[in-house]
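Input: a single structure, listed below in structure tokens.
The values are calculated or read from the model by the stated rules, or taken from the named source; none is laboratory data. Owing to the predicted nature of the structure, the values given are computational and were not obtained by experimental measurement. The area values use the complete protein model at the heavy-atom level, side chains included, leaving out ligands, DNA and RNA. Shrake-Rupley method; radii C 1.70, N 1.55, O 1.52, S 1.80 Å.
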Amino acid sequence: MTHLTLASTSQIRAELLRNAGLEIETVAARVDEEAIKAALLAEDAKPRDIADALAEAKARKVAMKGTAGLVLGCDQVLEFDGRVISKCANSGDALELLREMRDKRHSLLSAAVIYEGDKPVWRHVGVARLMMRDASDAYLEDYIARNWESIRHSVGGYKLEEEGVRLMARVDGDYFTVLGLPLVELLSYLTLRGTLPK
């Protein structure tokens, strides 16, 4: 089996890959995500292109260290009301965001890019569209207070695999894309190229 390195220390992504039967290593990709995002936003880049560029930057960074085999970079952005939402700095910002998003739609774009040697060989951006229910202020305040330690690094201030699912009225799209990895498409590619058995 070809060696796969995940250019991230994301526990959920590593878990999804291992649960699918892949043997992986994880290496933190030290890239300045905010600088890349700011530069792209200044050029009016689409959210999908921002997610793709961030995923590629991570894969490239780890691949260029001479990492053997395939290197997978991933990133996820949230698009709401025509803008790209970043991770909330504190629980107050998260509460404000959830109040703003309730009873409205938003999209999660999960990008994955694979590098082999010094070049990208595969990329995909999965999109999921979510409708948040009209939750009460009291519920949102309690939700943030109960879950802040778990959700503090989650874009959008929720994790669908945890209590965050109670914030949603509707989810259109792939569950793995919501979690930050277009897993089905990735596995299809690895099977087609012979990395995984047919």
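Observations on the model:
- Taking segment 88-140 and dividing mean pair separation by its residue count, relative contact order in percent (alpha carbons under 8 Å, at least six apart): 39
- Karplus-derived HN-Hα couplings along segment 15-23 (A = 6.51, B = -1.76, C = 1.60, θ = phi - 60°), whole Hz, x at Gly and Pro: 5, 4, 5, 5, 5, 7, x, 8, 9
- Value of [θ]222 nm, deg cm²/dmol, for the chain, DSSP H segments ≥ 4, -39500 (n - 2.57) each, nearest 500: -12000 deg cm²/dmol
- For the chain, the solvent-accessible area works out to 50 Å² per residue, with a probe of 1.4 Å and every protein chain left in place.
- Built amide H within the under 5 Å cut-off of residue 169, gap 5+: 131, 132, 133
- Where only alpha carbons of segment 53-158 are counted, the Rg and the Dmax (Å): 17.0, 52
- In summary, the lysines within cross-link reach of residue 104, defined as a Cα separation below 26 angstrom excluding same-chain residues under 8 places away, comprise 37, 46, 87, 159.
- Using distinct alpha-carbon pairs, which all enter the 1/r mean, Kirkwood radius of segment 1-79 in Å: 13.2
- Candidates 164, 180, 73, ranked by Gaussian network fluctuation over the chain, Cα under 10 Å, top entry: 164
- Segment 1-127 - percent of accessible surface contributed by carbon and sulfur, probe 1.4 Å: 43
- Evaluating kT/(6 pi eta Rh) at 25 °C and 0.890 mPa s, with the Kirkwood radius of the chain over Cα pairs in the Stokes-Einstein relation, gives 141 µm² s⁻¹.
- With Cα atoms, 0 to 90° folded angle of helix 33-42 axis to the chain main axis: 70
- Backbone HN-Hα couplings from phi across segment 163-168 [Karplus 6.51/-1.76/1.60, Hz, Gly and Pro as x]: 5, x, 4, 6, 7, 9
- The amide H of residue 26, built 1.01 Å from its N in the peptide plane, has 6 as neighbours under 5 Å, considering only residues 5 or more places off or on other chains.
- In degrees, nearest ten, helix 91-101 long axis to first principal axis of the chain (Cα): 80
- Derived scalar couplings between HN and Hα for segment 171-185 equal 10, 10, x, 6, 4, 5, 5, 4, 6, x, 8, x, 5, 4, 5 Hz in order, rounded to whole Hz, by the Karplus curve 6.51 cos²θ - 1.76 cosθ + 1.60 (θ = phi - 60°), x for Gly and Pro.
- Set of lysines near residue 65 by C-alpha distance (under 22 Å), chain-local residues within fewer than 8 positions excluded: 119
- Bridgeable aspartates and glutamates around residue 198 (alpha carbons under 16 Å apart, same-chain partners fewer than 8 residues away excluded): 185.
- Computed on the chain, with alpha-carbon pairs under 8 angstrom and 6+ residues apart, the relative contact order is 21 percent.
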